[in-house]
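Visitor: Take a look at the following structure, please.
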Amino acid sequence: MTATNEIEEGLVLRPKFDAAGLVTCVTTDAVTGDVLMVAHMNDEALRRTIDSGEAWYFSRSRGALWRKGESSGHVQRVVEMRLDCDQDAVWIRVDQAGGAACHTGRRSCFYRAVSRGADGAASLAFVDSDRLFDPAAVYRKPG
């Protein structure tokens with residue numbers, strides 16, 4: 001079997017991390033199939049997700065590992081994890097505790113749709129954007 005064939009057809013987990021050591025992860029609701037969020041995992045986040053059954057990610061902005069729900073309590077319990085054909089993207093189907101995946105308090109991070117105005121310019125419009133929690137109350141800074 002060639003290396004490419006092993007990755008595409010084999011049964012060995014061999015994630016293909018990018019130059020920054022990350023792989024993109026798409027997270028969907030296990031019941032509805034709705035996309036909840038897109039984030040990144042490094043090797044440790046991927047391993048912790050597999051080992052714990054809860055979603056772990058790597059924050060590029062903070063440069064830190066984090067468990068989804070560690071601050072908000074809105075933990076993501078993994079129902080199924082898949083890798084794409086060349087193992088450079090992860091898809092996890094989750095049970096979303098608290099019903100909200102987005103740090104803005106919404107169910108999904110995808111709460112705006114692209115539309116075009118009469119002048120043809122692209123803009124955003126809110127869709128499914130009700131807040132399920134108040135981010136200011138949940139993510140209080142220690143002090």
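The values are calculated or read from the model by the stated rules, or taken from the named source; none is laboratory data. If you're wondering where the values come from, they're calculated on a predicted model, not measured in any experiment. FYI the Cβ positions are ideal-geometry reconstructions off the backbone, even for glycines, and counts take in every protein chain you see.
Visitor: Conditions: (1) at pLDDT 95 or above; (2) within 18 Å of THR28 (Cβ to Cβ). HIS103 meets all but one. Number of the miss?
Guide: It is condition (1) that HIS103 fails.
Visitor: Next question, about the same structure. Pairs, please: C-beta under 8 Å, at least 6 apart or cross-chain, first residue under 11 Å from ARG106 (Cα atoms) and in the stretch 123-135, second assigned to a strand (DSSP E or B) and charged (D, E, K, R)?
Guide: Cβ pairs passing all conditions: VAL127/ARG112; ASP128/ARG106; SER129/ARG106; SER129/ARG112; ASP130/ARG106; ARG131/ARG106; LEU132/ARG106.
Visitor: Ok, one more. Please indicate, with yes or no, whether at least one residue in the stretch 109-118 is under 13 Å from the mean Cα position of the chain (by Cα), surrounded by 16 or more Cβ atoms within 10 Å (Cβ to Cβ) and touching a residue at least 12 places away in the same chain (Cβ under 8 Å).
Guide: Yes: one or more hits.
Visitor: Among the residues of the stretch 25-79, which ones are farther than 25 Å from ASP128 by Cβ, under 14 Å from the mean Cα position of the chain (by Cα) and either crowded, with 18+ Cβ neighbours inside 10 Å or hydrophobic (A, V, I, L, M, F, W, C) (or both)?
Guide: Once the filter is applied, which keeps residues that are farther than 25 Å from ASP128 by Cβ, under 14 Å from the mean Cα position of the chain (by Cα) and either crowded, with 18+ Cβ neighbours inside 10 Å or hydrophobic (A, V, I, L, M, F, W, C) (or both), the stretch 25-79 yields MET41, ASN42, ALA45, LEU46, THR49, TRP56, PHE58, LEU65.
Visitor: If you don't mind, another one. Checking the condition farther than 30 Å from VAL12 by Cβ and either among the basic types (Lys, Arg) or not in a strand (DSSP E or B) (or both), which residue from SER123, SER71 passes?
Guide: SER71
Visitor: Mind listing just one residue for me: the one in the stretch 80-108 that is part of a loop (DSSP other than H, G, I, E, B) and among the hydrophobic types (A, V, I, L, M, F, W, C) and, of those, farthest from the chain's Cα centre (by Cα)?
Guide: This residue is CYS85.
Visitor: Would you confirm whether or not the stretch 38-59 contains a residue that is under 20 Å from VAL138 (Cβ atoms), charged (D, E, K, R) and either part of a strand (DSSP E or B) or touching a residue at least 40 places away in the same chain (Cβ under 8 Å) (or both)?
Guide: Among the residues of the stretch 38-59, at least one is under 20 Å from VAL138 (Cβ atoms), charged (D, E, K, R) and either part of a strand (DSSP E or B) or touching a residue at least 40 places away in the same chain (Cβ under 8 Å) (or both), which makes the answer yes.
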